[in-house]
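Accompanying notes for the structure given below.
The values are calculated or read from the model by the stated rules, or taken from the named source; none is laboratory data. Remember, it's a predicted structure, so these values are computed and weren't measured experimentally. Because the Cβ atoms are built from the backbone with ideal geometry, glycine has one as well, and the counts that use them run over all protein chains shown. Calculation scope for accessible area: heavy atoms of the full protein, side chains included, ligands and nucleic acids excluded. Shrake-Rupley method; radii C 1.70, N 1.55, O 1.52, S 1.80 Å.
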Amino acid sequence: QVQLVESGGGLVQPGGSLRLSCAASGFTFSRYAMTWYRQVPGKDHELVATMPSADGSTNYADSVKGRFTISRDNARNTVYLQMNSLKPEDTAVYYCNAVGRESTWARTSHYWGQGTQVTVSS
């Protein structure tokens with residue numbers, strides 16, 4: 001069964017750091033582009049950071065560029081989001097997303113994690 005299991009969220013003071021993890025199973029992780037999204041009440045999902053499966057540049061929202069870093073460890077089937085210099089406006093539910101296909105002839109699949117709450121407050 002396909003799973004994306006997130007961890008690392010919680011409460012942190014402004015200026016602090018958190019590292020989110022998303023552990024994947026049930027699909028060939030290395031073939032999938034990974035994305036972190038976030039959502040606050042009353043707003044649409046916002047793309048935070050993306051990383052392609054291979055040979056591509058990462059992309060970041062302007063609001064997090066220079067503070068957040070996305071990375072992946074294909075051997076561990078895990079994608080990370082290192083969040084530094086956190087601000088109250090970073091408070092949101094963060095979601096892990098995978099997009100890809102198991103082979104050249106397979107159709108594209110989209111998978112989502114359960115979401116994890118990040119709260120930045122003093």
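Details
- FRET efficiency, residue 121 to residue 62 (Cβ-Cβ, R0 25 Å, nearest 0.05): 0.65
- Only alpha carbons enter this Debye calculation for the range 1-67, each as an equal point scatterer, and the log10 of I(q)/I(0) it gives at q = 0.12, 0.21 Å⁻¹ is -0.40, -1.16.
- In the chain, taking the dipole from charged Cβ atoms about the Cα centre, the farthest positive-side position among 116, 77, 8 is held by 77.
- The magnitude of the dipole of the chain, with charges of +1 and -1 set on the Cβ of Lys/Arg and Asp/Glu and taken from the Cα centre, is near 140 debye.
- Part-to-part distance (alpha-carbon centres) for the range 19-36 and the range 63-79, which is given in Å: 10 Å
- Among 47, 106, 93 the positive-end extreme of the charge dipole of the chain (Cβ point charges): 106
- Accessible area of the chain belonging to carbon and sulfur atoms, whole % at 1.4 Å probe: 45 percent
- Using the alpha carbons alone, the radius of gyration of the chain stands to its Kirkwood radius in an Rg to Rh ratio of 0.97.
- Within the range 55-99: backbone nitrogen closer than 11 Å to the residue 108 label point (7 Å, Cα to C-beta): 99
- Applying 0.36 nm per residue to the separation of residue 19 and residue 84 and subtracting their alpha-carbon distance, the gain on full extension is 22.5 nm.
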